[in-house]
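Engineer: Sharing a structure here in structure tokens format.
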Amino acid sequence: MGEIMEYKYINVFVQQRFDTSGIEVWVHQERSDGIYNLHFNGENIDYQKTKTGEITEGLKPLIVLPHIVGFSVLKELAIQAKNIGVKPENESRIEGKFEATEKHLSDMRVIISHLMKLPEKL
């Protein structure tokens with residue numbers, strides 16, 4: 001049995017190709033022994049070591065989606081990911097800002113209610 005490598009992170013790239021009429025999904029995984037490009041060969045995932053972590057000649061994408069279904073598949077994946085709690089980083093930041101704004105408005109309501117209870121003449 002092979003050694004299990006822990007990975008630091010995974011990068012996903014989606015590339016629309018007009019020359020092949022497809023949408024390519026590239027996945028690179030940084031592990032303790034280097035950066036690997038992942039490719040599904042129809043049965044298993046192949047790991048191709050890459051020096052730069054960039055898309056270079058000789059590497060293959062994880063999957064290629066034909067344009068006719070590609071956008072529908074990506075859209076449905078995004079919907080299903082959201083349904084199970086997966087959010088893009090920017091959406092999490094927006095939610096944090098929204099929560100901070102709600103807290104600020106709540107504080108302002110408390111201040112206003114106290115100010116409205118003050119006597120008319122000071």
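Engineer: Can you list the residues, at least 5 places off or on another chain, whose amide H is less than 5 Å from the amide H of D46, using H built in the peptide plane?
Structural biologist: H39, F40, N41
Engineer: Please give me, ordered by residue number, the trypsin sites (Lys or Arg not before Pro) of the range 48-85 that lie in loop per DSSP and have at most 10 other Cβ atoms within 10 Å. List each step's numbers first, then the result.
Structural biologist: Details: sites: K49, K51, K75, K82; in loops: K51.
Those that pass, being in a loop and sparsely packed, are K51.
Engineer: Same structure again: Within the range 47-83, report the GluC sites (Glu not before Pro) that DSSP leaves as loop and that have at most 11 other Cβ atoms within 10 Å.
Structural biologist: Working: sites: E54, E57, E76; in loops: E54, E57.
Loop-located and lightly packed - E57.
Engineer: Another one. What are the ³J(HN,Hα) values, in whole Hz, obtained from phi via the Karplus relation 6.51 cos²θ - 1.76 cosθ + 1.60 with θ = phi - 60°, for each residue of the range 75-86 in sequence order, with x given for Gly and Pro?
Structural biologist: Once θ is set to phi - 60°, the couplings for the range 75-86 become 5, 5, 4, 5, 5, 5, 4, 4, 4, 9, x, 8 Hz.
Engineer: A further question follows. So what are the ³J(HN,Hα) numbers for the range 110-117, from phi and the Karplus equation (6.51, -1.76, 1.60; θ = phi - 60°), rounded to whole Hz, Gly and Pro as x?
Structural biologist: For the range 110-117, the Karplus curve yields 5, 4, 4, 5, 5, 5, 6, 8 Hz.
Engineer: Right, something else. Which order, highest average first, do 12-22, 105-115, 28-38 follow once you tally other Cβ atoms within 10 Å for each residue and take the mean per peptide?
Structural biologist: Going from most to least packed, we get 28-38, 12-22, 105-115.
Any read-out appearing in this document is the output of simple, stated calculations on the displayed coordinates, not a laboratory observation. These numbers were taken from a predicted model, which means no experiment stands behind them. Positions of Cβ are generated from backbone atoms using ideal geometry, with glycine treated the same way; all protein chains shown enter the neighbour counts.
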